Amino acid sequence: MIPASFDYHRPKSTPEALAILGQYGDDARVVAGGHSLIPMMKLRMAQPSHLVDLRSIPELKGIRIDGTTIVIGAMTTQAELLGSAQLTAAVPILHEAALQIADPQVRYMGTLGGNVANGDPGNDMPAVMQCLDASYRVTGKTGSRSIKARAFYKSAYVTALNSGEIVTAIEIPVPPGKHGYSYDKLKRKIGDYATAAAAVMMTVSGGKVQTCAIALTNLGPTPIYCAQASAAIVGSGLDTAAITAAAGAAGALMAPSPDGRGTVQFRTSVGGVMIGRALQRAYQRATA
Amino acid sequence: MNDQTPPTREMREAKLEGMGCKRKRVEDVRFTQGKGNYVDDMKLPGMLFGDLVRSPYGHARVKSIDTSKAMKVPGVLAVLTAKELAGVNLAWMPTLAGDVQMVLADGKVLFQGQEVAFVVATDRYAAADGVEAVEVEYEELPVCVDPFKSMLPNAPELREDLKGKMTGAHGPRKHHNHIFEWTVGDKTATDTAFNTAEVSIKELISYQRVHPSPLETCQCLASFDKVRGELTVYGTFQAPHVIRTVASLISTIPEHKIHVIAPDIGGGFGNKVGAYPGYICAIVASIVTGKPVKWVEDRMENLSSTSFARDYHMTCEIAATKAGKITGLRVHVLADHGAFDACADPSKWPAGFFNIVTGSYDIPTAHISVDGVYTNKAPGGVAYRCSFRVTEAAYCIERGMDILAQKLGMDPAELRLKNFIKREQFPYHSALGWEYDSGDYHTAMNKAMDAIGYKQLRAEQLAKREAFKRGETRDLMGIGVCFFTEIVGAGPSKNCDILGLAMFDSCEIRIHPTGSGIVRVGSKSQGQGHETTWAQIVATEIGIPADNLTVEEGNTDTAPYGLGTYGSRSTPVAGAAIAMAARKIKAKAQMIAAHMLEVHEGDLEWDIDGFRVKGLPEKSKSMKELVWAAYNKPPPGMEPGMEAVSYYDPPNMTYPFGAYFCVMDIDVDTGEYKVRKFYALDDCGTRINPMIIEGQVHGGLTEAFAIAMGQELKYDDRGNLHGGSFMDFFLPTAVETPHWTTDHTVTPSPHHPIGAKGVGESPNVGGVPAFSNAVNDAFNFMGGTHIQMPHDHWRNWEAAHSRGMHG
C-alpha cells in the first residue's frame, strides 16, 4: 500500500496548473481531494509520475449564485457544500446527497470537482448533477468550454474531458423556488458506494407533476440519466402505475456489475425501489 | 470527619478497587492519548524494512524468480527467496497444527497472496519499490477453492510435498487433499437413536470464511546481535513464550538467547497466535544483514494471508420425540483449512473443542465427525474471538434447535427450556466427553425471557405476519433466540498442549517494602484490560490497593512462562495463577502477623487489608506493615522478602453460558434490516470488573453482528479473493452497530480459585446464532428452513425473492 515515487506540484493558478499538465502530458494527473486517486496509487493501479495538486488555486474555490446559475468552484469540498446555507436553501438535494458521501473525515477532503470529474460510477454527485442538468466548466490550453453533465460520462473512468483539461467549476441552473427533491441511496455501510441510488428533482402543480428528472448512481458503468422514466412521471399524480412505469423504463437502462453488493437482478430490483422512494419523497416535498 | 477518624470498612474496601469494582482501565490513560507503544512505533538504530512479494495466483508453478532488477532499486539490500531460506533450513516451517507451511514459495504457490520473496531495504518505500521489481514467472495450475470439490477423485493435487503420505499429524488421510478425520462419540448408539426417532431434522449449516481483522495488523521487529549471538524479536504476539520456544526449536538458537517481547497490541482475536512467514523472514533477514529488520503487514495483506477464521460446513442432524425431547445428535463437518493446516488449536484437537456441539442440552447420545481438507485458499482457521471452534459448534446447535422447533411447530424458547441440562445435573458429563462444571440455564433463560417480554414479542410478530400476508406492510419481524454454552480456559495438561507445551499459566508477584508491587503474568493483553483486572484480583486477595500494583506481561525475559491469551483462557488459567500466587503472599504475611502479634496463626483472621486477632479486632497488622516487616524484620528463621510464583494447571475447563435475544425488522424489497433490540444475558461466574465485562460484551456482539450480517472472505473459481479490503469486508461503524442491552446471572465455577469463567468470547459465540436465528425466524414462516450467512441486504432480498415475496 505504498505508491510508486512521483513528483509533487502545487501550482498557484489555473494557467500554472495547465502549463504543468502541458509539460508532462499523460505522465501527470491532477489531484483534488485525493480520495479516489491516492488509494489507486497506493495499489499501484495508477502510477502518475507527476501529481498536480489543485488545492492552492484560489479561483477554483467558492460558491456563488450568478443570476439564474449557481457556480461552484471545483475544489469546493463536500464539507463546504454542507456548510453553505445559501446553497442548501437553493438546491437542497446537494446537501442531502453530500451527507450520504462517505463520512465526515472524507467530506473534509473530498471535493465536488473531483467527485464529478473522476468518472467513477460509484461517485454520488454525477447523477445528482445530471438530475439538476448541471454543466462542467472545463479549461484547457486552448481555452474554456462547458460540458453538460448528461453528456460528460462515456464509460467507467472515461469522460468527455480531454487530456490536459481541468474541471474548474460546476454550473447549476437555479431550480424553481418551490420544488421537490430526493437522493435515496442503499448502501452496506457508512463509507460504501451505493448498491443502488436514485436522484429525483420535481415540480408539481395542482397535484400533477409538471417537471421531473431522474438519474441513477452505480447501476451501470456511468451515471444514468433516465429521460424516458422522467417523462413517464410528468403529468401524473404520482400514482402506482406511473412509478411502476418509471421504474420499468429506468430498469431497461441499468447495467450494474455483479459484485459484493449483490447480483445484477438484485441491484436492478433495488434500483427500482430507490426510484420509487425518491419519487415519493420528492412529490411529498413538492406538495408540502 | 477529621484526620483522626479511622476509615470505615467500606472505605478500606473501596480503596482497594478489588474484584467487583468498576475500576477504570489504567491502560486507557496512555491509549487515549496516543501514547501506546506498538511494534510499528519502535525504532532501532540502523533498522531496515522488509516487504513481501505475494502470489497473484491461487495455484501456480513458480518457474523462476529474477531478483536482479529489484537489487538495483536504490535502497534495496537483499531479496530472500525459498532458495536462500533453504540454506538455513527455513524454506518451510512447522505449523501449530502439526503440518508444515512454506515460508516462501518453494516451487509452487497454493493461494493468492502467498509469500513468494522478501525484499529488505533501507526504508519501507524502497522495499515496496523492490517488491514491484521482483520478476516471478508463474505457470497457472488448476484451482480448487471449494471444499466440497477438494476430495473429488479428479481434484488437483495441492500439496505435492505430502505425495504418498497417507498418514498426517492426526491419523490417516483418505485423499491427497485430505488432512484428517476426527470423530467423537458413540456412532452405533447415535445411529440407533436416529433409526428409531419420531422426528428428525437434517440441514447443511455453513459458517462462512471470515477474518478477525484487528485494528493493528501482524508485525514484528527482529534484531540479531551477532556479537552476543542473541535474537530479540518484538512482535504482535498473543503467546510470546510459545513464539520463543518455537523460534528456539527451529533456529537452534538456545532459548535463553532469544528475547521475545510483545509490546502494546492493538487487538488480536486469534489473528496473532500463530507464527507467520513474515516473522521468519524478518528474523533471517536480520541474521543475514546484521541489522534490525521490521516487517509490517498492510490491511489487505492481513485480510488475505494471515489467519482467516471459520469456513466450517456442518451437516447437523437432530433426533427427537414428537414432544420435543432430543434423543440424539449427529454432525458431520467439512472443514476448509486452506493450503496449509495452520489452525491454532491445542495439538491433540484438530477440530478444536467442536465436541461442545451438544450445547446447553441434555442429549443422551451423539456422534460427530470432522474432515479437514486442503484448498487453494489462505491457511488459518483461528479461534476468532472464541475458544477453539466453539463459535462454529454453538452456531450449529443453535440453528439446529430452531430448525427442529420449526419442524415440531414448537416455540424455539420452549424447546430449549425443555432440553436444558438441569441445575442439579452439574457437574454434567456430555455425550461427547466434556464435564460441564456448573450452570443454571433455566434461571438465566427465564430471566432473559421476562426482561425482553418474549411472549408479547411473539404476539406482536403474529399480528405483523398476518398484516404482511394481507399486504399492509413490507416489513418482516424476526425474533432470534440463542442459548449458548462455551468451553474455555484451555487447559488442563491432561488433554491440552501446543506442540507438547502444556497449557498451564503463571504469575509472579513481588511486593516492594513500602507496600506496592509488580505482578507479572504469562498471559498477554491485546486490549482486554489485564493491567486493570489482574491488579484487582491481587488487591482483593492481599489487601494492597490495585493502584499500587503494576501489571506486566509480554516480555519473555521477565514474565513467567505462560501460554498466552486466546480462547478466553486468561481469566480461567492465568487469573487462577494470580490468585494462587497472591495466596502464597498472604500465607507468608499471616506467619509474620502471628509473630508480630504474638499469637498462633490460627488465631488470626483476614480483614480486607490485613490480619487481626479473632475476637480482638483492635489487635491487627495491615498488609503494608507486614510487607515492611517481611523485608526488614522477618521472624527468626524466615527468609526476608515478599515474592511468590504460581504455575496453575487447571483441573477442568470453565463453561460460561448466556441467553441472547435479537429482535429485527427486515424490509423484503431491499433486504435492509433494523435491529430493534438486542438483549444479552451472560453468566461468566464471578465478575472481576463489571465495566470491562460490559465492554467485552459490546465488542464481541459488534463482531458477531458483523459476521452474521455481512462478513465474508469470498474466493472466485480462479482463486481470486474478493472482499479483501474494508470496502467490501464488513466492519461496522458506530452508525451500523445496534444498541446493546446487557444483563447477567452469576454461577461461579466450582473449581476455579475465584470462581471466574471468562467472558471475552461469549458474545461472539452467542451473538452470531442470535442474529442468524432472527433472520431465519423472520422469513421461514413463508417456507424454507435455513438461510446461509451473511445476512446482508442482497441475501435477505434473495430469501424474500425465493419465498415468492416479490410478487
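Averaging 1/r over every pair of different alpha carbons in the range B:491-591 and inverting the result gives a Kirkwood radius of 13.7 Å. For the segment B:793-803, counting C-beta atoms of other chains within 10 Å of every residue's C-beta and taking the mean gives 4. Pairwise alpha-carbon distances in chain B exceed 44 Å for 30% of all pairs. Computed across the range B:280-429, the Kirkwood radius stands at 17.9 Å (inverse of mean 1/r, all Cα pairs).
All other residues whose Cβ lies under 10 angstrom from that of residue B:488 are scored, Lys and Arg at +1 and Asp and Glu at -1, for a net of 0. What do you get for Rg/Rh over the range B:263-335 if you use C-alpha atoms and the Kirkwood form of Rh? The Rg/Rh ratio comes out at 1.32.
For the range A:180-287, the fraction of C-alpha pairs farther apart than 18 angstrom is 41 percent.
Think of each Lys and Arg Cβ as +1 and each Asp and Glu Cβ as -1; about the Cα centre, that makes the dipole of the protein assembly as shown roughly 1480 debye. Summarising the label geometry, the points placed 7 Å from Cα in the beta-carbon direction at residue B:43 and residue B:633 lie 5.3 nm from one another. In plain terms, the chain from residue B:555 to residue B:781 could stretch by 75.8 nm, reckoned as 0.36 nm per residue minus the Cα-Cα distance. Helices assigned as whole DSSP H runs in chain B whose Cα atoms extend at least 20 Å along their own long axis and whose mean Kyte-Doolittle hydropathy is -0.5 or higher are found at B:390-408, B:575-597, B:690-709, B:762-779. The range A:58-173: percent of C-alpha pairs farther apart than 25 Å? Of all Cα-Cα distances in the range A:58-173, 14 percent exceed 25 Å.
Taking N as the residue count of the range B:408-460, its C-alpha radius of gyration divided by 2.2 N^0.38 Å amounts to 1.37. The range B:97-140 and the range B:207-222 have their alpha-carbon centroids 18 Å apart. You can think of it this way: the chain between residue B:160 and residue B:614 has 156.1 nm of extra reach, that is 0.36 nm per residue less the Cα-Cα gap.
For residue B:502 and residue B:677, the FRET efficiency from 1/(1 + (r/R0)^6), where r spans their Cβ atoms and R0 equals 30 Å, is about 0.10. The mean sequence distance of close C-alpha pairs (under 8 Å, at least 6 residues apart), as a share of the length of the range B:661-720, puts its relative contact order at 20 percent. Label positions at residue A:244 and residue B:226, each projected 7 Å from the Cα along the C-beta direction, are separated by 8.2 nm. Under the combined filter of DSSP loop state and at most 12 neighbouring Cβ atoms within 10 Å, the range B:383-473 retains these GluC sites (Glu not before Pro): B:472. Distance between the 7 Å Cα→Cβ label points at residue A:44 and residue B:22: 5.2 nm.
What shape does the range A:7-53 have by the C-alpha gyration tensor, where a ≥ b ≥ c are the square roots of the eigenvalues, rounded means a/c under 1.5, and otherwise prolate means a/b greater than b/c and oblate the rest? The shape class here is oblate.
Sorting the segments B:10-19, B:565-574 by their residues' average number of neighbouring beta-carbon atoms within 10 angstrom, most packed first, yields B:565-574, B:10-19.
Spatially, the range A:212-238 and the range B:647-668 are offset by 49 Å when compared through their Cα centroids. Inter-chain neighbour count for B:728-736: the average number of beta-carbon atoms from partner chains within 10 Å of each residue's beta-carbon is 3.
Computed over neighbours whose Cβ is under 9 Å from that of residue B:306, the net charge equals -1, Lys and Arg +1, Asp and Glu -1.
The relative contact order of the range A:7-53 comes to 55 percent, based on Cα pairs under 8 Å that sit 6 or more residues apart. In a reduced charge model with +1 at each Lys and Arg Cβ and -1 at each Asp and Glu Cβ, the range A:180-287 shows a dipole moment near 280 debye about its Cα centre. Pull up the cross-link candidates among the lysines for residue B:149, meaning alpha carbon to alpha carbon under 22 Å and not fewer than 8 places away within one chain. Once the sequence-local lysines are set aside, what remains near residue B:149 is B:108, B:163, B:165, B:174, B:202, B:377, B:714. Using the charge dipole of chain B (Lys, Arg: +1 at Cβ; Asp, Glu: -1 at Cβ; taken about the Cα centre), state which of B:768, B:162, B:496 has its Cα farthest towards the positive end. Projecting each Cα onto the dipole axis, the largest value belongs to B:496.
From the square roots a ≥ b ≥ c of the eigenvalues of the alpha-carbon gyration tensor of the range A:163-221, which class results: rounded (a/c under 1.5), prolate (a/b over b/c), or oblate? Note, shape of the range A:163-221 comes out oblate. Put the Cα centre of the range B:439-508 next to the Cα centre of the range B:228-250 and the gap is 39 Å. Full extension of the segment from residue B:474 to residue B:514, taken as 0.36 nm per residue of separation minus the current Cα-Cα distance, would add 7.5 nm.
Relative contact order for chain A: 15 percent, from Cα pairs under 8 Å spaced at least 6 residues apart, divided by residue count. Over chain B, DSSP H runs of length four or greater, each weighted -39,500 (n - 2.57), average out per residue to a 222 nm ellipticity of -8500 deg cm²/dmol. The shape of the protein assembly as shown can be summarised by an equivalent ellipsoid whose semi-axes, obtained from the alpha carbon gyration tensor, come to 52, 37, 32 Å from longest to shortest. For chain A, the Stokes-Einstein estimate of translational diffusion at 25 °C and a viscosity of 0.890 mPa s comes to 127 µm²/s, using the Kirkwood hydrodynamic radius over alpha-carbon pairs.
Label point of residue A:16 set 7 angstrom out along Cα-Cβ; within the range A:44-84, amide nitrogens under 16 Å from it belong to A:51-61.
Values quoted throughout were computed directly from the atomic coordinates according to the rules given, and no laboratory measurement underlies them. Owing to the predicted nature of the structure, the values given are computational and were not obtained by experimental measurement. Note that we place each Cβ from the backbone using ideal geometry, even for glycine, and neighbour counts take in every protein chain shown.
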